[in-house]
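*Asks:* Could you have a look at this structure, given as structure tokens, before my questions?
Taken together, the values in this text are just the output of simple stated rules run on the coordinates, not laboratory data. Remember, predicted model here, so these are calculated numbers, not experimental data. Note that we place each Cβ from the backbone using ideal geometry, even for glycine, and neighbour counts take in every protein chain shown.
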Amino acid sequence: MAEILVLVDHADGAVRKPALELLTLARRIGTPSAVVLGAGEAAASVAATAAEYGAATVYVADGAEFSERLVVPKVDALTQIAKEKEVAAVLVTSSGEGKEIAARVALRLGSGLLTDAVELEAGDEGPVATQSVFAASYQVKSRVSRGVPVITVKPNSAAPEAAPAAGTVEDVAVAFTGNAAKVVSRTARVSTGRPELTESAIVVSGGRGVGAAEGFGVVEKLADSLGAAVGASRAAVDAGWYPHANQVGQTGKQVSPQLYVAAGISGAIQHRAGMQTSKTIVAVNKDPEAPIFDLVDYGVVGDLFEVLPQLTEEIGAR
């Protein structure tokens, strides 16, 4: 079968869940090969995990450039491997960095780019991607007509499935092109202990209806009872009630969890664009005419400060 390159996201020596999803999807369109960049001493464990999820080959490249420079070293490595191995497609996680890497790789390969895919399938003329378009209002099937398809896939588009493969490690000496922005300092982000917003299987978000920063307390308690990430609407973020890093929407982060709970969110198109592909959507809002109710699987017309604590209590009891 055709070789499919998968760029493996990793942090602190562990493979991130979206990478396992990519390896699972790659098996639908060919034979997965993992690309592990800048993992250092953790490269062996990252490669072993990639093999467990179907990587027949694991290309490993290391160097100070991956930590000292932004984006370009990864583009150098991925482009070089794609050209040398004559692969059938390149898959990257659909994150901010992932989309930039994918766009640059597609440009260097003279290929087409598909972003925000939520499904992949084999086609007679190459991989076919299902994409969410026009603020997630429609789904379309697309394929690249020229060159090696470069595709970014939204997290939570597939459930990771183990399928042990050979995982033969091949070291790669990358010819770095240089000319990349240099990292001059790093400040560790304070951990909340909650899952990463774009990767979490469950997201609980608050909007204008929470009334103030303190109002997010009930949202956080529900999220913690579910082991969920916390999101916020643009209105709540603009009001200074919650950090921008947690904003869900067209100008924030796009999420596609198994369960999305919207509390006190009206459902403006800006917000819908960031969560409309969620598998199950639940909304709590006092306004029975709120646009969010046109979108949901389950809707509760009521005061979130009464509904959410009851739900949290019931979850704890079970």
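*Asks:* In degrees, nearest 10, range 0 to 90: what is the angle between the Cα axis of helix 216-226 and the longest Cα principal axis of the chain?
*Replies:* The helix 216-226 is inclined about 60 degrees to the chain.
*Asks:* Can I ask one more? I need the calculated FRET efficiency for the pair ALA181 and ARG318, taking r as the beta carbon distance and R₀ as 41 Å, to the nearest 0.05.
*Replies:* For R0 = 41 Å, the calculated efficiency reads 0.25.
*Asks:* Now for a separate question. For GLU170, which sequence-distant residues (separation of 5 or more, or a different chain) have an amide H within less than 5 Å of its own amide H, given hydrogens modelled in the peptide plane?
*Replies:* Answer set, sorted by chain and number: VAL58, TYR59, VAL60.
*Asks:* Name the residues whose placed amide hydrogens come within less than 5 Å of the amide hydrogen of THR280, ignoring near sequence neighbours (fewer than 5 apart) on the same chain.
*Replies:* So THR280 has HN proximity to LEU259, TYR260.
*Asks:* Using unit Cβ charges (K, R positive; D, E negative) and no other charged atoms, how large, in debye to the nearest 20, is the dipole of the chain about its Cα centre?
*Replies:* Using Cβ point charges on Lys, Arg, Asp and Glu, the chain gives about 600 debye.
*Asks:* Can I ask one more? Run lengths n ≥ 4 of DSSP H only: what is the helix-derived mean residue ellipticity at 222 nm for the chain, with -39500 (n - 2.57) per run over all residues, to the nearest 500?
*Replies:* Rounded to the nearest 500, it is -8500 deg cm²/dmol.
*Asks:* Here is a follow-up. Mind listing the long-range amide H neighbours of GLU3? Cut-off is under 5 Å, sequence gap 5 or more, other chains count too, H placed in the peptide plane at 1.01 Å from N.
*Replies:* Result for GLU3 returns THR31, ALA88.
*Asks:* What's the ranking of 47-59, 2-14 by average number of surrounding C-beta atoms within 10 Å, highest first?
*Replies:* Put in order of decreasing packing, that is 47-59, 2-14.
*Asks:* How many nm is it between the label spots at ALA11 and SER45, if each spot is 7 Å from the Cα in line with the beta carbon?
*Replies:* 1.6
*Asks:* Roughly what % of DSSP beta bridges within the range 66-156 run antiparallel, to the nearest 5?
*Replies:* Here the share of antiparallel DSSP bridges comes out near 55 percent.
*Asks:* How long are the semi-axes of the equivalent ellipsoid of the range 127-279, defined as square roots of 5 times the Cα gyration tensor eigenvalues? Whole Å, largest first. Can you show the working numbers first?
*Replies:* Numbers: eigenvalues 206, 92, 63 Å².
Its equivalent ellipsoid spans semi-axes of 32, 22, 18 Å.
*Asks:* Quick one: grab the alpha carbon gyration tensor of the range 202-317, order the square roots of its eigenvalues as a ≥ b ≥ c, and give me rounded if a/c is under 1.5, else prolate or oblate depending on whether a/b is larger than b/c.
*Replies:* rounded
*Asks:* Be a star and scan the range 1-30 for residues whose amide nitrogen sits under 16 Å from the point 7 Å along the Cα-to-Cβ vector of GLU161.
*Replies:* Within reach of a label on GLU161, which here means backbone N under 16 Å from a point 7 Å along Cα→Cβ, the range 1-30 contributes 20-30.
*Asks:* Under the definition of Cα pairs under 8 Å and six or more residues apart, what whole-number percent is the relative contact order of the range 160-318? It would help to have the intermediate numbers written out before the result.
*Replies:* Working: 274 pairs, mean separation 31.0, N = 159.
The value is 20 percent.
*Asks:* Report the charge-dipole magnitude of the range 45-172 in Debye, nearest 20, computed about the Cα centre from +1 at each Lys and Arg Cβ and -1 at each Asp and Glu Cβ.
*Replies:* In debye, rounded to 20, the range 45-172 gives about 460.
*Asks:* Separate question: If R₀ is 41 angstrom, what is the calculated FRET efficiency for the pair ASP124 and GLU214, using the beta carbon separation as r and rounding to 0.05? All intermediate terms of the calculation are to be shown ahead of the outcome.
*Replies:* Numbers: r = 57 Å, r/R0 = 1.40.
The pair ASP124/GLU214 has a calculated efficiency of 0.10.
*Asks:* Cα-Cα over 27 Å: which of LYS83/LYS154; LYS85/LYS279; LYS85/LYS253; LYS83/LYS279?
*Replies:* With Cα atoms farther than 27 Å apart: LYS85/LYS279; LYS85/LYS253; LYS83/LYS279.
*Asks:* Taking the Cα centre of the range 187-231 as the origin, how large is its charge dipole in debye, to the nearest 20, when only Lys and Arg (+1) and Asp and Glu (-1) carry charge on their Cβ atoms?
*Replies:* On the way: 4 positive and 5 negative charges, 16 e Å.
For this selection, approximately 80 debye.
*Asks:* Among GLN139, ALA201, ALA181, flag the residue with its Cα farthest along the positive direction of the charge dipole of the range 67-203, charges on Cβ as +1 for Lys/Arg and -1 for Asp/Glu.
*Replies:* Highest projection toward the positive end goes to ALA181.
*Asks:* Based on alpha-carbon atoms only, what is the radius of gyration of the chain relative to the globular estimate 2.2 N^0.38 Å?
*Replies:* Cα-based Rg divided by the globular estimate yields 1.05.
*Asks:* Here's another thing I want to ask about it. What fraction of the DSSP beta bridges in the chain is antiparallel, stated in percent and rounded to the nearest 5?
*Replies:* Just about 20 percent of them are antiparallel.
*Asks:* Moving on. Please give, to one decimal in nm, the separation of the simple spin-label points placed at LYS85 and LYS286, each 7 Å out from Cα toward the Cβ.
*Replies:* Rounded to a tenth, the inter-label distance reads 5.6 nm.
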